[in-house]
1. Report, by residue number, each residue of the range 2-30 that is part of a loop (DSSP other than H, G, I, E, B) and closer than 21 Å to residue 75 by Cα.
2. What's the total number of residues in the range 103-140 that are in a loop (DSSP other than H, G, I, E, B) and among the charged types (D, E, K, R)?
3. Going by what's in this entry, would residue 5 be described as surrounded by 23 or more Cβ atoms within 10 Å (Cβ to Cβ) and farther than 19 Å from residue 122 by Cβ?
4. From the list 37, 68, which residue is in contact with a helix residue (DSSP H, G or I) (Cβ under 6 Å, 6 or more places away or on another chain) and polar (S, T, N, Q)?
5. What do you reckon, is residue 57 more than 11 Å from the chain's Cα centre (by Cα), surrounded by 21 or more Cβ atoms within 10 Å (Cβ to Cβ) and on the phi < 0 side of the Ramachandran plot?
6. Filter the range 93-127 down to residues that are closer than 21 Å to residue 4 by Cβ, touching a residue at least 60 places away in the same chain (Cβ under 8 Å) and β-branched (Val, Ile, Thr) and give me whichever is surrounded by the fewest Cβ atoms within 10 Å (Cβ to Cβ).
7. Residue 36 passes all but one of (1) modelled with pLDDT under 95; (2) part of a strand (DSSP E or B); (3) in contact with a Leu (Cβ under 8 Å, 6 or more places away or on another chain); which number fails?
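The values are calculated or read from the model by the stated rules, or taken from the named source; none is laboratory data. Everything numeric in this text was worked out from a predicted model, so none of it was measured. Virtual Cβ from ideal backbone geometry, glycine too; neighbours counted across all protein chains shown.
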Amino acid sequence: MVKIGFICTGNSARSQMAEGFGKYFAKLYGKDVEIYSAGSNPSGYVHPKAIEVMKEVGIDISGHYSKSLNEIPLTELDYVITLCGDAAETCPVIPGANTQHWGLPDPAKVIGPTEDAKINAFRNIRDQIREKVENLIKSL
């Protein structure tokens with residue numbers, strides 16, 4: 001069994017979407033994996049727009065919750081994927097695992113003139129995460 005952790009700062013959007021896609025693609029491709037997500041400074045919630053854009057592609061993450069690093073089996077992870085994008089964010093380093101950094105901007109920080117601009121930022125990041133997670137799961 002392969003264990004994958006998607007790690008971010010707040011565990012409210014990017015890592016939550018990655019966890020949702022990870023579980024979806026693991027099931028789709030019949031891979032024996034466990035998928036986790038956590039944050040170095042958990043926000044305490046899953047962003048409503050992350051839930052909304054994942055529902056658009058048929059994946060329900062509304063039951064997810066924002067977790068800290070000590071709530072997942074860090075020392076057992078085979079893959080650690082960090083998703084922090086902004087230089088101001090603090091992506092934790094997890095020694096001993098195959099670590100990849102997918103620097104993606106935080107869609108929650110997009111300040112758009114309209115709600116459409118904000119939701120489109122989430123859709124854009126969702127689609128990037130979807131492609132990366134699918135490729136990772138298929139490669140296992």
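1. First, pick out the residues of the range 2-30 that are part of a loop (DSSP other than H, G, I, E, B): 9-13, 29-30.
Once the filter is applied, which keeps residues that are part of a loop (DSSP other than H, G, I, E, B) and closer than 21 Å to residue 75 by Cα, the range 2-30 yields 9, 10, 11.
2. Initial filter on the range 103-140 (in a loop (DSSP other than H, G, I, E, B)): 103-106, 110-114, 140.
In the following step, the residues that additionally are among the charged types (D, E, K, R) were identified as 106.
So the count comes out to 1.
3. Details: surrounded by 23 or more Cβ atoms within 10 Å (Cβ to Cβ): yes; farther than 19 Å from residue 122 by Cβ: yes.
Considered against the rule, which asks whether it is surrounded by 23 or more Cβ atoms within 10 Å (Cβ to Cβ) and farther than 19 Å from residue 122 by Cβ, residue 5 comes out as yes.
4. Details: 68 fails: in contact with a helix residue (DSSP H, G or I) (Cβ under 6 Å, 6 or more places away or on another chain).
Within the list 37, 68, the selection yields 37.
5. Working: more than 11 Å from the chain's Cα centre (by Cα): yes; surrounded by 21 or more Cβ atoms within 10 Å (Cβ to Cβ): no; on the phi < 0 side of the Ramachandran plot: yes.
It is false that residue 57 is more than 11 Å from the chain's Cα centre (by Cα), surrounded by 21 or more Cβ atoms within 10 Å (Cβ to Cβ) and on the phi < 0 side of the Ramachandran plot.
6. Looking at residues that are closer than 21 Å to residue 4 by Cβ, touching a residue at least 60 places away in the same chain (Cβ under 8 Å) and β-branched (Val, Ile, Thr), I get 94.
7. (1)
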